[in-house]
Amino acid sequence: MPITVDIDVMLAKRKMSVGELADRVGITPANLAVLKNGRAKAVRFTTLAALCDVLQCQPGDLLRWEPEDTAGE
């Protein structure tokens, strides 16, 4: 998938655990893990806003687009 999730980077910068972030955002650790590991198909803007509020960052600090590798096609 061409969207990369960089929540781990922000967690490390903020010295925060996944459990603490999930508690402060108001989502389950399992749902945060799905998002963090890039397995989510969608994210609600309210969840993204809450992540940015807690981590004091911009959406672009958490999500980035990378072109797909089409060399093998």
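The values are calculated or read from the model by the stated rules, or taken from the named source; none is laboratory data. Values in this document were obtained by computation on a predicted structure and should not be read as measured data. All Cβ positions, even for glycine, are placed from backbone atoms using ideal geometry, and neighbour counts span all protein chains on display. For the accessible areas, the whole protein counts, side chains as well, though only heavy atoms, and no ligand, DNA or RNA atoms are used. Shrake-Rupley method; radii C 1.70, N 1.55, O 1.52, S 1.80 Å.
Per residue, how much accessible surface does the chain expose to a 1.4 Å probe? Answer in Å², no decimals.
Numbers: 5030 Å² over 73 residues.
For the chain, the solvent-accessible area averages 69 Å² per residue.
When all alpha-carbon pairs of the stretch 1-40 are counted, what percent fall beyond 14 Å?
Details: 341 of 780 pairs.
Everything past 14 Å amounts to 44 percent.
Between L63 and K41, what is the spin-label point distance in nm, taking each point 7 Å from the Cα along the Cα→C-beta axis?
A separation of 1.6 nm, rounded to one decimal place.
Using only C-alpha positions, report the orientation-averaged shadow area of the convex hull of the chain, nm², one decimal. Kindly include the intermediate steps, with their values, before the conclusion.
On the way: hull surface 20.7 nm².
Mean projected area for the chain: 5.2 nm², to one decimal.
If you roll a 1.4 angstrom probe over the protein chains with everything in place, what fraction of the accessible area of the stretch 7-73 belongs to carbon and sulfur, to the nearest %?
Values: 2440 of 4690 Å².
It is 52 percent, rounded to a whole number.
In angstroms, what radius of gyration and Dmax does the stretch 34-73 have, counting Cα atoms only?
Considering the stretch 34-73 through its Cα atoms, Rg and Dmax are 13.0, 41 Å.
On full extension of the chain, what length is gained from A49 through I3, given 0.36 nm per residue of separation minus the C-alpha to C-alpha distance?
Details: separation 46, 0.36 × 46 = 16.56 nm, distance 1.76 nm.
Extending this stretch completely gives an extra 14.8 nm.
Contour minus end-to-end for A30 and K13, with contour as 0.36 nm per residue of separation and end-to-end as the Cα-Cα distance?
Values: separation 17, 0.36 × 17 = 6.12 nm, distance 2.14 nm.
Taking 0.36 nm per residue and subtracting the Cα distance, the gain is 4.0 nm.
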